[in-house]
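For reference, the structure discussed in these notes is given below.
The values are calculated or read from the model by the stated rules, or taken from the named source; none is laboratory data. Since the model is a prediction, treat every value here as computed from it, not as a measurement. Positions of Cβ are generated from backbone atoms using ideal geometry, with glycine treated the same way; all protein chains shown enter the neighbour counts.
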């Protein structure tokens with residue numbers, strides 16, 4: 001008994017520790033109201049619905065037992081059941097309690113999971129928009145209908161369980177007979193079961209009535225739209241009247257069941273139930289199929305046009321793309337003359353700040369040059385933000401935090417992992433548009449401790465995207481702050497973050513929660529020790545606001561002398577009438593998506609989304625702040641009523657923070673996916689699908705996934721100056737030419753923030769899309785030869801982001817080319833690829849060089865303008881280089897063929913020829929450079 005009691009106490013303490021540590025954590029981040037509101041809502045639903053289910057089942061079992069017939073003349077069937085009755089008799093009370101407790105616990109647990117549905121129903125705010133069919137506010141479908149459906153499903157479950165429990169009890173005590181002669185049921189059992197069946201059919205009538213409204217949010221198939229939602233012609237003209245008729249039939253059938261209390265016969269209810277089933281098949285199934293086959297299909301485009309129009313409007317409203325501007329764009333502008341080309345060259349420099357530093361490629365360079373110690377790390381994909389340089393001009397900046405890398409700790413033990421190595425240190429930033437002479441980033445903030453243009457700020461990083469383990473700080477054990485040439489610097493955490501471990505109950509609870517008994521008795525923990533956990537920005541925001549969907553990319557910024565993580569958060573809903581649905585995990589995936597950058601609600605289907613909240617997480621003390629961003633969003637207003645005081649007003653956003661806010665990538669990816677179809681507003685064109693676009697695959701890698709959107713400071717045709725934007729491209733469905741270019745103003749301080757501009761290209765004059773542009777780069781002989789020279793030895797070519805920029809009626813493609821040299825593990829910018837319209841693609845040593853060549857300001861392979869009236873022919877030195885490159889290419893091909901034949905002798909000979917040709921090319925190139933410096937060679 002002692003062992004049993006101890007085991008029970010241990011299990012209770014394990015359960016308590018989970019609850020207690022959660023409460024302590026929420027209290028430490030000052031969001032205890034979220035914990036208590038969620039907890040009391042779950043408890044309330046658990047007991048309310050659990051009690052209803054338990055009482056309903058218990059009362060029906062008790063009533064069936066009370067209505068049992070006398071068993072004086074027992075049949076053989078009843079005699080066989082007698083031993084069960086005898087066995088149950090001493091425990092009837094406890095059996096009833098056990099049965100009702102089990103069904104109550106199951107029902108309560110199921111109901112507690114609906115806490116979000118309950119809170120939205122209780123606190124729902126009107127949208128101010130009505131659906132076109134029933135003229136009800138959108139809030140009815142978003143907040144009310146889901147709760148009514150839950151109540152209905154609970155009612156069905158309750159009715160079925162009561163019916164089964166009552167029937168079994170009646171059978172056990174003789175009220176129902178299966179094999180005995182005579183009447184199969186007593187009058188009391190007949191009346192009891194008929195009332196339960198009447199309740200079940202009544203619920204079915206309610207279900208038919210709610211199904212009418214459910215048609216507005218029902219998913220159905222339409223060939224021109226994925227995940228179509230809303231009424232179609234057959235729904236409005238067949239299913240809707242059918243559901244209404246079935247409602248009245250079910251209501252009448254329910255009355256017939258209730259009438260059995262007086263008639264004591266099943267005849268009429270059975271006839272009524274059969275009529276209801278037959279009606280459901282004929283009216284609810286066969287009739288709509290006939291309407292679809294003979295009325296809709298012969299003229300589907302015309303019949304569906306009004307409903308397509310409603311779906312287009314609702315979808316554009318629900319995804320906030322209703323104001324997107326689609327304008328025609330020539331796309332293939334050709335300069336009128338040489339002077340026009342010169343003007344184009346000048347405009348190219350002011351139209352966009354071409355970001356040569358690709359945040360998706362250069363992380364290894366940050367790691368190699370700025371990691372400093374093995375126990376630090378940078379994310380694999382860096383972030384793009386805007387900062388002012390030393391002259392006060394704003395520029396695109398690539399930034400990353402030097403976070404703690406647990407795997408790089410020299411000696412792993414519990415003290416080192418959780419007490420000594422506790423935090424990262426400092427931000428590293430580089431200019432997005434520049435590299436040094438060797439192709440490495442030009443850092444505007446670097447070294448350890450960091451210094452540069454970001455000013456003074458708290459550099460310690462206790463909370464970050466890579467910080468997933470718990471740490472215990474502030475106690476007797478000092479932490480490693482950072483190391484320099486003078487040795488290690490120690491530090492003791494002074495922040496108020498985390499949970500204090502001076503209480504033995506707290507220590508015991510965390511010892512159980514983390515499965516680490518040393519927390520309970522370790523001497524490294526003192527009265528000021530605090531445990532830090534849930535340390536990634538996404539974890540913290542999701543925990544304090546479980547009703548939000550979190551963007552996959554949190555990014556750091558220096559704000560008011562603090563390192564802050566900025567997290568975009570969305571309110572979503574799946575009940576917006578007529579709006580097509582999308583799956584967030586699929587829509588937001590691209591070639592850069594990984595576990596760290598994936599949207600949290602990966603497989604959530606939604607048909608309404610808003611970036612309603614901007615959140616910040618302090619990298620030092622972990623404090624979380626939620627700011628209202630979309631002040632009109634009714635879903636956010638509903639949650640703010642549910643959790644008052646958790647979200648700050650938009651007016652409380654400081655100017656310093658607002659300067660770093662940007663349009664979120666995941667929302668943009670959802671919107672661009674919808675705009676592949678919903679840029680069309682004409683129902684006929686929408687139905688035909690002739691104008692449908694697709695998001696192209698990323699041509700710079702072999703993943704086959706969608707091209708990611710890119711942040712870029714650029715100017716659209718209707719803008720007077722550059723604006724920080726988020727951009728993407730579209731191609732026509734199943735084609736590789738460019739269909740459209742899309743950009744959204746991503747600068748939160750701009751009055752045009754969130755404005756979506758789409759440039760639609762004409763179908764009759766194809767313009768290369770990203771895949772074709774990359775193919776044109778790769779297939780150009782001159783470019784291929786130059787890249788082959790770069791790749792000599794074990795060096796590898798790595799392509800950066802393929803940037804697309806509209807430029808006076810044409811499209812400019814710019815792509816940085818990085819070289820990962822033999823013996824190095826980080827890429828350096830070596831070349832830049834540029835193409836414009838029908839101009840020959842160019843591989844330049846720099847962006848300016850490539851732009852000069854592509855617009856005719858310089859001749860290919862030179863650094864100066866072509867002479868006036870000159871022939872434009874290459875000088876002898878350049879011809880020698882070209883010939884050597886041709887020889888090298890031929891030698892390489894000969895070597896490949898020799899390998900295929902397994903002729904090693906021929907392969908060795910080809911290798912020697914390849915080396916000799918490359919040496920000749922390098923020598924001729926050096927001679928050409930020397931002659932140009934000495935002024936002995938013409939251009």
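Structural remarks
- Qualifying helices (runs of 4 or more DSSP H) (wholly inside region 765-873; at least 3 residues being surrounded by fewer than 19 Cβ atoms within 10 Å (Cβ to Cβ), at pLDDT below 90 and touching a helix residue (DSSP H, G or I) at 6+ places or on another chain (Cβ under 8 Å)): 781-790
- Total residues in region 376-395, condition over 21 Å from residue 618 (Cβ atoms), in contact with a strand residue (DSSP E or B) (Cβ under 8 Å, 6 or more places away or on another chain) and surrounded by fewer than 22 Cβ atoms within 10 Å (Cβ to Cβ): 4
- Residue 507 being closer than 30 Å to residue 390 by Cβ and either touching a helix residue (DSSP H, G or I) at 6+ places or on another chain (Cβ under 7 Å) or surrounded by 13 or more Cβ atoms within 10 Å (Cβ to Cβ) (or both): no
- Set 259, 242: member being part of a helix (DSSP H, G or I) and under 30 Å from residue 184 (Cβ atoms): 259
- Any chance residue 477 is surrounded by 17 or more Cβ atoms within 10 Å (Cβ to Cβ) and within 30 Å of residue 358 (Cβ to Cβ): no
- Hey, residue 651 assigned by TED's automatic domain parsing to the domain that holds residue 807, more than 18 Å from the chain's Cα centre (by Cα) and either surrounded by fewer than 20 Cβ atoms within 10 Å (Cβ to Cβ) or at pLDDT 90 or above (or both) or not: no
- Scanning region 728-748 for residues that are farther than 14 Å from residue 672 by Cβ and touching a helix residue (DSSP H, G or I) at 6+ places or on another chain (Cβ under 6 Å) yields 736, 748.
- Count of region 401-434 residues which are over 26 Å from residue 359 (Cα atoms), in contact (Cβ under 8 Å) with a residue 60 or more places away in the chain and buried (at least 23 other Cβ atoms within 10 Å of the Cβ): 1
- Flag for residue 485 being at pLDDT below 90 and more than 30 Å from the chain's Cα centre (by Cα): yes
- Neighbours by Cβ (under 6 Å, 6+ apart or cross-chain): first from region 479-508, not assigned by TED's automatic domain parsing to the domain that holds residue 417; second loosely packed, with under 13 Cβ neighbours inside 10 Å and assigned to a loop (DSSP other than H, G, I, E, B): 502/527
- Hey, residue 581 under 28 Å from residue 12 (Cα atoms) and modelled with pLDDT of 90 or more or not: no
Residue-by-condition table, conditions (1) touching a residue at least 24 places away in the same chain (Cβ under 8 Å); (2) not assigned by TED's automatic domain parsing to the domain that holds residue 757:
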| site | (1), (2) |
| --- | --- |
| 263 | no, yes |
| 289 | no, yes |
| 293 | no, yes |
| 297 | no, yes |
| 301 | yes, yes |
| 310 | yes, yes |
| 330 | yes, no |
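- Filtered residues of region 216-234 (kept if buried (at least 21 other Cβ atoms within 10 Å of the Cβ) and assigned to a helix (DSSP H, G or I)): 216, 217, 234
- Checked against the criterion of being assigned to a loop (DSSP other than H, G, I, E, B), at positive phi and not assigned by TED's automatic domain parsing to the domain that holds residue 655, region 551-562 has no qualifying residue.
- Any hit, region 232-250, residues being at pLDDT 85 or above and in contact with a strand residue (DSSP E or B) (Cβ under 7 Å, 6 or more places away or on another chain): yes
- The single condition among (1) farther than 30 Å from residue 196 by Cα; (2) at pLDDT 85 or above; (3) loosely packed, with under 13 Cβ neighbours inside 10 Å that residue 38 does not satisfy is (3).
- Residue in region 676-685 that is within 28 Å of residue 348 (Cβ to Cβ), in contact (Cβ under 8 Å) with a residue 12 or more places away in the chain, in contact with a helix residue (DSSP H, G or I) (Cβ under 6 Å, 6 or more places away or on another chain) and not assigned by TED's automatic domain parsing to the domain that holds residue 382 present: no
Per-residue answers, yes or no, for (1) out of contact with any helix residue (DSSP H, G or I) (no Cβ under 8 Å at 6 or more places or on another chain); (2) in a helix (DSSP H, G or I); (3) assigned by TED's automatic domain parsing to the domain that holds residue 504; (4) in contact (Cβ under 8 Å) with a residue 60 or more places away in the chain:
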{"position": "7", "(1), (2), (3), (4)": "yes, yes, no, no"}
{"position": "18", "(1), (2), (3), (4)": "no, yes, no, yes"}
{"position": "21", "(1), (2), (3), (4)": "no, yes, no, yes"}
{"position": "25", "(1), (2), (3), (4)": "no, yes, no, yes"}
{"position": "33", "(1), (2), (3), (4)": "yes, yes, no, yes"}
{"position": "37", "(1), (2), (3), (4)": "no, yes, no, yes"}
{"position": "40", "(1), (2), (3), (4)": "yes, yes, no, no"}
{"position": "43", "(1), (2), (3), (4)": "no, yes, no, yes"}
{"position": "46", "(1), (2), (3), (4)": "no, yes, no, yes"}
